[in-house]
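Read the figures in this text as sums done on the coordinates, not as results from a lab. Note that the structure is predicted; figures quoted are calculated from it, not measured. All Cβ positions, glycine included, derive from the backbone under ideal geometry; neighbour counts span all protein chains shown.
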Amino acid sequence: MHNTYTIYFRGMILLTFFVIVCCKKGDEPSISNPGSGSDSVIIQPTGVYVSGYEDKGSTAVVSYWKNGSITKLTDGSKYGYASDIYVLGSDVYVAGVESNGSKNVGKYWKNGKSVILTDGKYTATVNSLLVSGNDVYVAGAESNGTFAVAKYWKNGRSINLSNGITNVYARDIFVSNKDVFIVGDEYIGKKYVAKYWKNEMEINLTDGKNNAFAEAVYVKQNDVYIAGYESNGYFTVGSYWKNGIKEELTDGTRDAFATDIYVSGNDVYVTGYEYYGDKSVAKYWKNGVEVQLSEKTGNAFATGLFISGNDVYITGNKLNGAKYVATYWKNGTEVMLSDEAYDVKTTSIFVTK
């Protein structure tokens, strides 16, 4: 994976300031889609939207797909990435960054037109976006020249979540009944502590004994669900927390990562991947029961999740030969969005009826 992502190696995690997380959705009233969709990947709902980018090394093309048709948001002359996508009515929002030549500038695109969030003096990451009513919320981080400052933007106005004396990252955002929930992590001492904020009030999920990361959040009624992972001292364990109580999804005998979470009815869905030797297997869990999406002979990652009726949509990346191919799965059936000319990586998925 490129260095704008968390780069995973078996048995260790290498993190830089340029960490982004592939996230999702919006607040529950906006994304509720009652009813059942078709099981066929040929007959599709009104829109299957996937964010991503074509990685050419020093440059990239920020893009999204609607029902397999690509829309390019940048010309590929600079580096950039898309991290999240949200659709409301006829409006398509894509979050990400684009380099100004030396620093990554936080921004989002609405119907192809960019909205700048940072001034480019210091590098920034943008990890998640949602729209609630008339308000656009974006979560990410921006360097102050020394440390990463976790923050979110509401209609372009920056709100800091950390004090700038340690590295802190905001990775996902969810709005429920006007309450703003953000998940992320902070480097304290020599370990990362998973945490979340509710209306800017910080709550730690882990004690700092081992590295832990909070990647995605979903709120349903009064319950707060957070996907992430925590080291057991030897391996990384894919997990989620419900109201602060951790549920481990893997047995801790190999590295596993939970990347996104979605709650539909009484069912809890979590996406992620798990290493078998040097191969990563894309998978998801429904109520703790594992569903494997890729083979153990290759490398694949599940990065984003959306539930529409009875249909489970998961976006990810799959190594095909020497290149990563943009991919999503509908009810376990793989749909490829790109060829193998360049590494093409997907980060988030959104489905409309």
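The distance separating the Cα centre of segment 166-202 from that of segment 56-126 comes to 23 Å. Pairwise Cα distances in the chain exceed 37 Å in 8 percent of cases.
Relative contact order of segment 89-196: 16 percent, from C-alpha pairs under 8 Å at least 6 residues apart in sequence.
Within the shell defined by Cβ-Cβ distances under 15 Å, the residues around LEU337 carry a net charge of 0, with Lys and Arg each +1 and Asp and Glu each -1.
Based on DSSP H segments of at least four residues, each scored -39500 (n - 2.57), the chain has a per-residue ellipticity at 222 nm of 0 deg cm²/dmol. For ASN210, the shell of other residues with beta-carbons less than 15 Å away shows a net charge of -1, using +1 for Lys and Arg and -1 for Asp and Glu.
The chymotrypsin sites (Phe, Trp or Tyr not before Pro) of segment 178-282 meeting both criteria, a DSSP state outside H, G, I, E and B (loop) and at most 12 other C-beta atoms within 10 angstrom of the site's C-beta, are TYR234. Taking label points 7 Å from Cα along the Cα-to-Cβ direction, ASP91 and PHE147 give a separation of 3.5 nm. Taking amide H as placed 1.01 Å from N in the peptide plane, the amide H of ALA326 sits under 5 Å from that of LEU337, SER338, VAL344, each at least 5 places away or on another chain.
Would you mind checking LYS178/LYS323; LYS56/LYS151; LYS78/LYS353; LYS283/LYS323 for any pair whose Cα atoms are more than 31 angstrom apart?
LYS178/LYS323; LYS78/LYS353
Separation of the alpha carbons by more than 32 angstrom is noted, of LYS198/LYS286; LYS72/LYS246; LYS66/LYS191; LYS121/LYS286, for LYS72/LYS246; LYS66/LYS191; LYS121/LYS286.
Take every pair of alpha-carbon atoms less than 8 Å apart whose residues are at least six positions apart; their mean separation over the length of the chain yields a relative contact order of 15 percent. Overall, segment 7-352 carries a charge dipole of about 600 debye about its Cα centre when +1 sits on the Cβ of Lys and Arg and -1 on the Cβ of Asp and Glu, all other atoms neutral.
Enumerate the aspartates and glutamates that LYS330 could reach by cross-link, defined here as Cα to Cα under 14 Å, with residues fewer than 8 away along the same chain left out. Straight-distance partners of LYS330: ASP39, ASP311.
With a sphere of radius 10 Å drawn around the Cβ of VAL138, what net charge do the other residues whose Cβ falls strictly inside it have (Lys, Arg +1; Asp, Glu -1)? Taking every Cβ under 10 Å from that of VAL138, the sum is +2.
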